[in-house]
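Report on the structure given below.
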Amino acid sequence: MTADESIAHALAWAGRRFACLGENARLDAEVLLAGLLAVERSYLLTWPERRLPPALLTRYRAQVTRRASGYPVAYLTGVREFWSLDLRVTPATLIPRPETEGLVEVALTSLAGITHPAALDLGTGSGAIALAIATERSDATVVAVDTCPEALAVARCNARRLGLLQRIRFLLGDWLEPVGDRRFHLIVANPPYIAPTEAEIGCTNLRFEPLTALLAPEQGLAELRRIVSGATANLHHGGVLAVEHGYRQGAAVRALFQTAGFKEIRTETDLQGHPRLTVGFRPNEDPA
């Protein structure tokens, strides 16, 4: 970067460094600089001639260098939007993605008509799904579980910032184990579902995210199998289980639901039209 320390020049320099990132290059450059300046992106367009302090430029250069290596913007800014909520994220949590908002939509649909519903979010991470449900359903009791203490700390922080800390119970543990024999109207989960043999993960930004929240043995189905096989014991009759999975796993996940005794099983597509979410209902009556 030359002696010209204006916003416009800084963004142009970052854009050149980000050329390998494709169509998001300019957006990433603006998001990082706006975050450091604590302003909206529109400010950068309104005041392109503003000169930047040397200390801030040094920090910006460091962030741009990390981003150019593939490091996620969300980890650099510490914030990711999900369901119109600004959530804190760290390398201890997965970065919430737009396709996961489909789980929230399924959750809200399944809870419609139920007064004071109980919902369980397994593998909550940053708390994205639990917080979205609690935001939309003020009468809901929400429990969020994660096996990572650092992730739960981030989720609690997000709940506190959003004024939802008193309405969500955060539990540390492995999937359904922390809730004992408690029953819910809804269980949602976005578990690890990438097979360790899928080599492309090492060539994407996913390599910077917690692998324990991404990878699962048995062709990516091991954790899905554990959740699906155990969920009926923690669902009310007629309760719903909804899980996110890989776009090539729909048939295998539906088979898991069928084996576990779920009814009205269906797989829904994400924003790109890929089969991504599978939903099933616990029967209203137990098998004879």
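Exactly one residue out of R59, R80, R50, R88 is without any contact (Cβ under 8 Å) to a residue 60 or more places away in the chain and closer than 18 Å to A153 by Cα, and it is R80. Among the numbered conditions (1) part of a loop (DSSP other than H, G, I, E, B); (2) surrounded by fewer than 18 Cβ atoms within 10 Å (Cβ to Cβ), the only one that A12 does not meet is (1). Filter segment 42-58 for residues that are under 24 Å from R88 (Cα atoms) and surrounded by 14 or more Cβ atoms within 10 Å (Cβ to Cβ) and give the result. Passing the criteria: Y43, L44, L56, L57.
Any idea which of A112, A199, A153 is over 15 Å from E223 (Cβ atoms) and modelled with pLDDT of 95 or more? None of the other options fit; the residue is A153. Looking at segment 164-186, can you tell me whether even one residue there is modelled with pLDDT under 95, of a type in the set (S, T, N, Q), closer than 22 Å to T115 by Cα and over 16 Å from the mean Cα position of the chain (by Cα)? There is at least one residue in segment 164-186 that is modelled with pLDDT under 95, of a type in the set (S, T, N, Q), closer than 22 Å to T115 by Cα and over 16 Å from the mean Cα position of the chain (by Cα). Scanning segment 258-268 for residues that are without any contact (Cβ under 8 Å) to a residue 40 or more places away in the chain and not in a helix (DSSP H, G or I) turns up A260, G261, F262, K263, E264, I265, R266, T267.
Pull up segment 134-147, narrow it to residues that are over 19 Å from T93 (Cα atoms) and of a type in the set (V, I, T), then point me to the one that is surrounded by the most Cβ atoms within 10 Å (Cβ to Cβ).
Going through segment 134-147, the residues over 19 Å from T93 (Cα atoms) turn out to be 134-142.
Then keep just the ones that are of a type in the set (V, I, T); that gives 135, 141-142.
Working: T135: 17, T141: 16, V142: 27.
Among residues in segment 134-147 that are over 19 Å from T93 (Cα atoms) and of a type in the set (V, I, T), the one surrounded by the most Cβ atoms within 10 Å (Cβ to Cβ) is V142.
Here L241 meets the list (1) more than 20 Å from the chain's Cα centre (by Cα); (2) of a type in the set (A, V, I, L, M); (3) at pLDDT 90 or above almost entirely, failing just condition (1).
The values are calculated or read from the model by the stated rules, or taken from the named source; none is laboratory data. Computed from a prediction, not measured in an experiment: that's the story for all the values here. A quick note on method: Cβ atoms are made from the backbone with ideal geometry, for glycine too, and the neighbour counts reach across all protein chains shown.
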